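Undergrad: Before I ask anything, let me first share the structure, which is written out below as structure tokens.
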Amino acid sequence: MRSKEAIETLRTIYRAESRCLVRFLVEEAEPATLDEFDGSVQGLLDAWCRDSRAASVRLERLLRGEDVIPSPGSWPLNFSIYNYLQYRYLVDPVRTRMEQHVARLEAESKGVDGWPGAESAIAEMIRTHRDHLARLAEVAAQRPPAEAPPAQRRQTSANWW
């Protein structure tokens, strides 16, 4: 039997992983794919999400082995600002938030010292996130400049009254 602190730490890590930004974007946000660059970002995020789901399943098994029923909780409300955006506009927020996520995982992982299964699962999860962050940086370096739509006169100015 593990300590309550170690179990609670693993539960916290499980919740954070289950509700990370990459998972939200793939599972809920419905981003738009309008060009080849968007397609490459979509493919990367889909693969990242699959890896994140696999990591969550591994953590869930560890928790269930300790007679804990894990609950992922709800999505952070501020993730809703990413709904329906084009993938090209998600690259920078994903990089920033997932770097913060990895830092949080590293900080929290100290709470499961002495639990080899949890330590290896978290270390593997962190390595996977770092690999995906490196791939995201490579894809971002190939981002073409966004084309501005042509200006349109909409006749909404007060001088038309």
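The values are calculated or read from the model by the stated rules, or taken from the named source; none is laboratory data. Keep in mind that this is a model prediction, so the values were computed, not measured. We place every Cβ from the backbone using ideal geometry, glycine too, and count neighbours over all the protein chains shown. The accessibility values were calculated without ligands, DNA or RNA, using every heavy atom of the protein model including side chains. Shrake-Rupley method; radii C 1.70, N 1.55, O 1.52, S 1.80 Å.
Undergrad: Just want the answer: with Cβ charges of +1 for Lys and Arg and -1 for Asp and Glu, which residue in S56, Y87, T128 is farthest toward the dipole's positive end in region 5-161?
TA: Y87
Undergrad: Using amide H atoms built 1.01 Å from N in the peptide plane, name the residues 5+ places from A32, or on other chains, whose amide H lies under 5 Å from its own.
TA: When sequence neighbours closer than 5 places are left aside, the close amide H contacts are L85, Q86, Y87.
Undergrad: Contact order normalised by length for the chain, with contacts defined as Cα pairs under 8 Å and 6 or more residues apart; what percent is it?
TA: Averaging sequence separation for qualifying contacts and normalising by length gives 34 percent for the chain.
Undergrad: Could I ask something else about it? State the answer as a single residue: which of T96, P76, A29 lies farthest towards the positive end of the charge dipole of region 1-151, with beta carbon charges of +1 for Lys and Arg and -1 for Asp and Glu, about the Cα centre.
TA: P76
Undergrad: Right, another one. Enter the accessible area per residue of region 1-137 (Å², integer; probe 1.4 Å; all protein chains in place). Intermediate values should be presented prior to the final figure.
TA: Numbers: 7000 Å² over 137 residues.
The answer is 51 Å² per residue.
Undergrad: While we're on this one: Are there chymotrypsin sites (Phe, Trp or Tyr not before Pro) in region 40-105 that DSSP puts in a loop and that have at most 15 other Cβ atoms within 10 Å, and which ones? Walk me through the intermediate numbers first.
TA: On the way: sites: W48, F79, Y82, Y84, Y87, Y89; in loops: Y84.
Here the chymotrypsin sites (Phe, Trp or Tyr not before Pro) that fit, given the DSSP loop and packing criteria, are Y84.
Undergrad: From the phi angles alone, apply the Karplus equation (6.51, -1.76, 1.60; θ = phi - 60°) to region 5-17 and give each ³J(HN,Hα) in whole Hz, x where the residue is Gly or Pro.
TA: My calculation for region 5-17 gives 5, 5, 5, 5, 4, 5, 5, 5, 5, 4, 4, 4, 5 Hz in order.
Undergrad: In deg cm²/dmol, rounded to 500, what helix-only [θ] at 222 nm does the chain give when every DSSP H run of at least 4 residues adds -39500 (n - 2.57) and the total is split over its residues?
TA: -20000 deg cm²/dmol
Undergrad: Evaluate the charge dipole of region 1-127 about its Cα centre and quote only its size in Debye, nearest 20, assuming +1 on the Cβ of each Lys and Arg and -1 on the Cβ of each Asp and Glu. Let's see the in-between values first.
TA: Details: 17 positive and 21 negative charges, 67 e Å.
So the magnitude is around 320 debye.
Undergrad: Another question, if that's okay. For region 1-137, compute the orientation-averaged projected area of the C-alpha convex hull (one quarter of its surface), in nm². Please report the intermediate quantities before stating the final value.
TA: Numbers: hull surface 30.6 nm².
Taking a quarter of the hull surface, the average projection is 7.7 nm².
Undergrad: Something else now. Ignoring ligands, DNA and RNA, please state the percent of accessible area on the chain from carbon and sulfur, probe 1.4 Å.
TA: 50
Undergrad: If the only charges are +1 at each Lys and Arg Cβ and -1 at each Asp and Glu Cβ, what is the size of the charge dipole of region 3-68 around the Cα centre, to the nearest 20 debye?
TA: 440
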